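Okay, so here's the structure we're looking at.
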């Protein structure tokens, strides 16, 4: 759908999308080859990287594109996990069960969006934290539905370990691909343009005809959907969930750090960030037993201080040649 | 012969405790080793040729060619794997768990190893640290199985983590014996490859409630309070079931939010229900608060019990006189009247031997760890080999008596032969008061 | 009826603790727009410093709050001056993430130095209770409540009746203009954070004396502080005590009349309602509710 205005501000729109699609295809090929060469342990790590990349893309949609720090986005991860978990335990097949998690999450975003998206900055962040705590508390107390504090145990996936691991991995690859498509859409479509206008200056965007509340709510709903699907697949993967596990703030923070490191408002940023963070985590844990919390904490602080616009931004600052190669990316 | 380290990159980043005990693992023996020595000798003499590349290629070739010689050595050890909470907020318990495993390995290896089908095998355990994190632990068990090739697993610390990890071992079809995961929900799913030597959480308060019903006159009104968290919830639900069984009436049962700083609304409601006995479960900080507020509110139950707390460091010190006469169930104490069929010592003997090595009398964690390994040992000896399926079947048929207690699994993998003792804090120290054959002192009522 | 009154009184006293927690949090947020997720761990650090002073060095407890305050004042000053000041120009979630990382580092530090064991300072306050008519209030809680009021009063005086207070407020309204007027803005920000740290230190020593603490126990303090600050209103020092008392009473009544498991949920639901209906809270100034992005 091309713009109706006489002067199309983004003449190279589709070229950029095609480039990103090409990169995505290459990444996909690499991902599909991995199960054949990696042991189950490394495959598990790779699956984790993909899952976090998806959650970070959800954060990217909020903080990177519309500029609203949804610190408590993990609430959708938890809703997705519980929705899918309850459905799978009741005997429903995985694909339909995922809908049981994703639809409530998107609905919550659409209902709470108009109320909470009127807040900005810290207030919005804290409101989302509050939302997460409320839903988490409900999950702990409604034991008839969710198992309460004792958690929910899903029936074991049938099949031998290798098959199950491969199936899970492929499911996450599919979800990751969806998140990349979302990223491309956000970056290159008119809807995405509206998002970035909101991030740059919300009043001006409103003045130029962007219906900000609707755009924001839609962005949050999509972010919620993505995050909930990740949560649902996670529940099936690990096979056991409890409120403190799937509504854990640490997931949000990790996703935020990945998002920061990868670069706000980029398509592949979450994947880059996820790879870096997971490698750092695994290294830190295996070599610095007693200090690894400290190392992670210091690393987070350093990232914020030194590379706040992420790896891609960092490279852009240092290598102008790269800048022109990325097809004149506008800096908001 | 000089000690040579062959293929250092072949080792993982595990922390093996075997290193200190048998350096000969690295000593190259047999024709393979001699060949490697000759090869290295030849290399040192070839100064002219690009030395580094020659050494690396030759070293690599030597390793590949002579690896079977080293394999022979590896077959004479049995390897176990586990993830422990060595850092994080369960580090103290994690340390005791590890001491228990290490003590077993030391004892067994000092006696020449485990005798299986006439051959002696040394024992080695590969440890990783999961910091009590579910995702990390699951990842590590996958690593133990897929990368380190471990076939026999020991459970992690904590119920939630054990549930998640049991999924991994069930799919890989490898046996795991759990020493530190008590939730019934671990075992209730009917998995075939997970077994627990300890009493399940639901069983924790069994003897406390039974003891209350045996007082004269028997206690009748029970109040229950737990933190809204897995372990406490399951334990207190168990107490409610036991109350029915022993004829006590549950007059109050509620849960409180984690981290609450004022339990007075809950306690006022509890006071209104006039309980004879209170049982509570939750994080230590909250339990300390509870004991204080019970006094401040003027609640006067005849018995006050906790799922966990009184025997943890800091509890008695924090509360002083408010900690007196509180009860707690324990999995084991040095006073239990069992003699170990494998090692020959009594519970007291174990405690003394442990004390000689580690400098303190153990609580129940170390011997529980050891019991899991004893289950495996018994299974290996019954099977006469190491086929994981046969070992699993032998474990399911376990029927032994150890210094920890008798071990016999039901069809869900729970140990139903043993029960918990009850301790009471008297004069600031925990003493066993029930059951009678284990007791060191008499139970004292608070009022 | 007496039961309800007692519960409300307990809630009020609990509110005193909440107010102590929230004061430092509120100042730093209101003046510098920094949400300090490491605040709970700073309170724990104050508790550990007090524990060291009393149980390891054998000093009387009266020395502990000032000592903890001094240590955390210095720590806060250094932190802000060297690290956080660099984030002053950045967006909101940068400081959130940064302080989260700081929180992890502080928890690890406490773990390394003091292990995970639960600790407390026994026998500091008398075990008896104050009688108010038919109601009773444990002395330890009354003292914390008193400390909350005292610190609120002191900060109110500082901010409104001293030159330093005026400087702080001016810098908060418009750092650029303050700089132009010759105010050393980084120094003022650092001082504000340091004051927040000192409040955390005093709270920590009181927590050590009345409750128990461990490295991971700080989380619940941070989360509650959010709710109190939003309720009472940002940019308002008396708001912290009003918000604290309100939250304490609401929580206790909710626990009494409903299922106790919903205590936290009620608090956060209240947070959401306030944010949606009246973001500036009870006593907050309108200015602070408009976001300084």
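A quick yes/no check of all residues on (1) farther than 23 Å from residue C:281 by Cβ; (2) free of Cβ contacts under 8 Å to residues at least 12 places away in the same chain:
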position: C:24; (1), (2): no, no
position: C:59; (1), (2): yes, yes
position: C:80; (1), (2): yes, no
position: C:84; (1), (2): yes, no
position: C:107; (1), (2): yes, no
message = Quick check on this structure: which one of B:442, B:412 is in a loop (DSSP other than H, G, I, E, B), surrounded by fewer than 20 Cβ atoms within 10 Å (Cβ to Cβ) and in the same structural domain as residue B:184 (by TED's automatic domain parsing)?
response = B:412
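Name the residue, out of A:151, A:121, that is crowded, with 22+ Cβ neighbours inside 10 Å, within 9 Å of another protein chain (Cβ to nearest Cβ), under 19 Å from residue A:249 (Cβ atoms) and touching a residue at least 24 places away in the same chain (Cβ under 8 Å).
From the options A:151, A:121, the qualifying one is A:151.
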message = Let me confirm something: among B:312, B:307, B:319, which residue is touching a helix residue (DSSP H, G or I) at 6+ places or on another chain (Cβ under 6 Å), at the interface with another protein chain (Cβ under 10 Å from one of its Cβ atoms) and within 30 Å of residue B:104 (Cα to Cα)?
response = B:312
ask   = Taking the range C:214-234, which residues are assigned to a helix (DSSP H, G or I) and within 11 Å of chain B (Cβ to nearest Cβ)?
value = C:215, C:216, C:217, C:218, C:219, C:220, C:221, C:222, C:223, C:224
inquiry  = Can you pull out every residue in the range A:99-143 that is under 17 Å from the mean Cα position of the chain (by Cα) and over 18 Å from residue A:227 (Cα atoms)?
reply    = none
message = Return the residues of the range B:311-340 that are in contact with a strand residue (DSSP E or B) (Cβ under 7 Å, 6 or more places away or on another chain) and in a loop (DSSP other than H, G, I, E, B); say none if nothing qualifies.
response = B:311, B:314, B:324, B:325, B:332, B:333, B:335, B:336, B:338, B:340
inquiry  = Consider the range B:135-147. How many of its residues are touching a strand residue (DSSP E or B) at 6+ places or on another chain (Cβ under 8 Å) and either within 16 Å of residue A:278 (Cα to Cα) or at the interface with another protein chain (Cβ under 9 Å from one of its Cβ atoms) (or both)?
reply    = 6
key: Checking residue A:137 against (1) within 8 Å of chain C (Cβ to nearest Cβ); (2) surrounded by fewer than 23 Cβ atoms within 10 Å (Cβ to Cβ), the condition it does not meet   = (2)
request  = Please work out which one of (1) at negative phi; (2) surrounded by fewer than 17 Cβ atoms within 10 Å (Cβ to Cβ) is the condition residue C:182 fails and give its number.
outcome  = (1)
For residue C:115: the one exception among (1) at the interface with another protein chain (Cβ under 8 Å from one of its Cβ atoms); (2) within 21 Å of the chain's Cα centre (by Cα) = (2)
message = Let me confirm something: among B:206, B:306, which residue is within 33 Å of the chain's Cα centre (by Cα) and within 30 Å of residue C:15 (Cβ to Cβ)?
response = B:306
message = Taking the criterion of being over 29 Å from residue C:110 (Cα atoms), within 14 Å of another protein chain (Cβ to nearest Cβ) and modelled with pLDDT of 80 or more, would at least one residue in the range A:285-301 satisfy it?
response = no
Residue, nearest to the other protein chains (Cβ to nearest Cβ), within the range B:86-114, restricted to residues that are under 23 Å from residue B:174 (Cβ atoms) and out of contact with any strand residue (DSSP E or B) (no Cβ under 7 Å at 6 or more places or on another chain) = B:102
request  = Being without any contact (Cβ under 8 Å) to a residue 24 or more places away in the chain and not in a helix (DSSP H, G or I) is the filter; apply it to the range C:88-105 and report the residue that is farthest from the other protein chains (Cβ to nearest Cβ).
outcome  = C:89
query = If we keep just the residues of the range B:119-156 that are in a loop (DSSP other than H, G, I, E, B) and farther than 21 Å from residue B:392 by Cα, which is modelled with the highest pLDDT?
reply = B:147
remark   = In the range C:37-62, residues that are in a helix (DSSP H, G or I) and modelled with pLDDT of 90 or more total 16
note = Residues of the range B:157-171 being within 7 Å of chain A (Cβ to nearest Cβ), touching a residue at least 24 places away in the same chain (Cβ under 8 Å) and either touching a strand residue (DSSP E or B) at 6+ places or on another chain (Cβ under 6 Å) or part of a strand (DSSP E or B) (or both), in sequence order, are B:164
request  = Output the qualifying pairs, or none if there are none: Cβ atoms under 6 angstrom, residues six or more apart or on different chains, first residue in the range C:152-171 and touching a residue at least 24 places away in the same chain (Cβ under 8 Å), second residue not in a helix (DSSP H, G or I).
outcome  = C:171/C:183
query = Among the candidates C:286, C:280, which residue alone is at pLDDT below 85, out of contact with any strand residue (DSSP E or B) (no Cβ under 7 Å at 6 or more places or on another chain) and away from chain A (no Cβ under 13 Å)?
reply = C:286
request  = Can you tell me which residue within the range C:9-32, out of those that are over 15 Å from the mean Cα position of the chain (by Cα) and more than 10 Å from chain B (Cβ to nearest Cβ), is modelled with the lowest pLDDT?
outcome  = C:32
Selected residue [without any contact (Cβ under 8 Å) to a residue 40 or more places away in the chain and either within 30 Å of residue C:109 (Cβ to Cβ) or within 14 Å of chain C (Cβ to nearest Cβ) (or both)] from A:255, A:200, A:280 = A:280
inquiry  = I want to confirm something. Restricting to the range B:174-191 and keeping residues that are surrounded by fewer than 23 Cβ atoms within 10 Å (Cβ to Cβ), in a loop (DSSP other than H, G, I, E, B) and in contact with a helix residue (DSSP H, G or I) (Cβ under 7 Å, 6 or more places away or on another chain), which single residue is nearest to the other protein chains (Cβ to nearest Cβ)?
reply    = B:191
task = Looking only at the range C:136-148, decide whether some residue is within 14 Å of chain A (Cβ to nearest Cβ) and either out of contact with any strand residue (DSSP E or B) (no Cβ under 9 Å at 6 or more places or on another chain) or under 30 Å from residue C:6 (Cβ atoms) (or both).
result = no
task = For the range A:92-112, indicate whether the set of residues that are modelled with pLDDT under 95, within 10 Å of another protein chain (Cβ to nearest Cβ) and under 28 Å from residue A:184 (Cβ atoms) is non-empty.
result = yes
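The values are calculated or read from the model by the stated rules, or taken from the named source; none is laboratory data. Computed from a predicted model, the values in this text were never measured in an experiment. All Cβ positions, glycine included, derive from the backbone under ideal geometry; neighbour counts span all protein chains shown.
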